[in-house]
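> I have a structure I would like to understand better, so I am pasting it below and will then ask my questions one at a time.
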Amino acid sequence: MLLGTAVAAPVNLLGFDDMSCVAWNKAKDDPDQRTAYVVWVRGFLTGHNYALPNQQVSSISSGTIEVQINRYCSRNPAGQFSEGAMRLSDEFSGRNLPVRK
């Protein structure tokens, strides 16, 4: 018997050409671009809900998304705001807490 280490397939993340926190921060002065980024995060969270129906992200405002991604990007200035969206889904779905029935 061969027992190998299971390796998760990389996530094919579809988004903007520049998903950096630098781009996110620059967009604060461009309301249309910032709105597009927030809408992308909302779509990402909808995808999370579709993939994990037992760990739903409940209703979340655009303002909360913006605050959370701002916080992520201030802590990780060389990061990607898409990673911030992933952390947001963890936090607001309860995945970083014990799942309760």
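> Within region 48-101, which residues are modelled with pLDDT of 95 or more and acidic (D, E)?
E66
> Among the residues of region 60-69, which ones are polar (S, T, N, Q) and without any contact (Cβ under 8 Å) to a residue 12 or more places away in the chain?
Answer for region 60-69, where residues must be polar (S, T, N, Q) and without any contact (Cβ under 8 Å) to a residue 12 or more places away in the chain: S61, T64.
> Right, next: Since H48 meets every condition but one in (1) within 20 Å of F16 (Cα to Cα); (2) out of contact with any Ser or Thr (no Cβ under 8 Å at 6 or more places or on another chain); (3) not aromatic (F, W, Y), which condition does it not meet?
(2)
> So which residues in region 23-40 are of a type outside the set (S, T, N, Q), within 14 Å of C73 (Cα to Cα) and surrounded by 13 or more Cβ atoms within 10 Å (Cβ to Cβ), if there are any at all?
Within region 23-40, A23, W24, K26, A27, R34, Y37, V38 meet the criteria.
The values are calculated or read from the model by the stated rules, or taken from the named source; none is laboratory data. Owing to the predicted nature of the structure, the values given are computational and were not obtained by experimental measurement. Note: ideal-geometry Cβ built from the backbone for every residue, glycine included; neighbour counts use all protein chains shown.
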